[in-house]
1. Quick check: residue separation of Trp9 and Thr31 times 0.36 nm, minus the Cα distance between them. What number comes out in nm?
2. Please list, in order along segment 45-58, the HN-Hα scalar couplings obtained from phi with the Karplus expression 6.51 cos²θ - 1.76 cosθ + 1.60 (θ = phi - 60°), rounded to whole Hz, x for Gly and Pro.
3. Suppose every Lys and Arg Cβ carries +1 and every Asp and Glu Cβ carries -1, with no other charges. What dipole size does segment 1-75 come out with about its Cα centre, to the nearest 20 debye?
4. With only alpha-carbon atoms in the gyration tensor, what are the semi-axes of the equivalent ellipsoid for the chain, in Å, largest first?
5. Name the trypsin sites (Lys or Arg not before Pro) in the chain that are in a loop by DSSP and that have at most 13 other C-beta atoms within 10 Å, would you?
Amino acid sequence: MWYLLRFLWNATRGHHLTPWRSPYLRWRIETYTGVKMTDIGFLEFFEFTWKERGELLRFLQWTAEMERYARPKPKNP
């Protein structure tokens, strides 16, 4: 769960309370759907997240797995 929240916090840098204004997330939506970044607003953002929630959760789980792989916990703390 920590990795999921960490990714979302970093992806919305500067726009934590308004994620639909995050240039990174808008760019990701543009490359996934083909909708231009300038056309993505509040309704389009939440419509996309609702329709693709399964894929988004799978992506966030994958990012958590990659984060654990890239930064393993030390064996002797």
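FYI, it's all coordinate maths here, none of it is from the lab. Just so you know, these numbers come straight off a predicted model, no measurement behind them. Heads up, the Cβs are rebuilt from the backbone with ideal geometry, glycines too, and the neighbour counts pull from every protein chain shown.
1. On the way: separation 22, 0.36 × 22 = 7.92 nm, distance 2.05 nm.
Computed gain between Trp9 and Thr31 is 5.9 nm.
2. After applying 6.51 cos²θ - 1.76 cosθ + 1.60, I find 5, 6, 5, 4, 5, 6, 5, 9, 4, x, 5, 5, 5, 5 Hz.
3. On the way: 13 positive and 8 negative charges, 99 e Å.
Approximately 480 debye in magnitude.
4. Values: eigenvalues 151, 35, 21 Å².
Each semi-axis is the square root of five times an eigenvalue, giving 27, 13, 10 Å.
5. On the way: sites: Arg6, Arg13, Arg21, Arg26, Arg28, Lys36, Lys51, Arg53, Arg58, Arg68, Lys75; in loops: Arg13, Lys36, Lys75.
Answer by residue number: Arg13, Lys36, Lys75.
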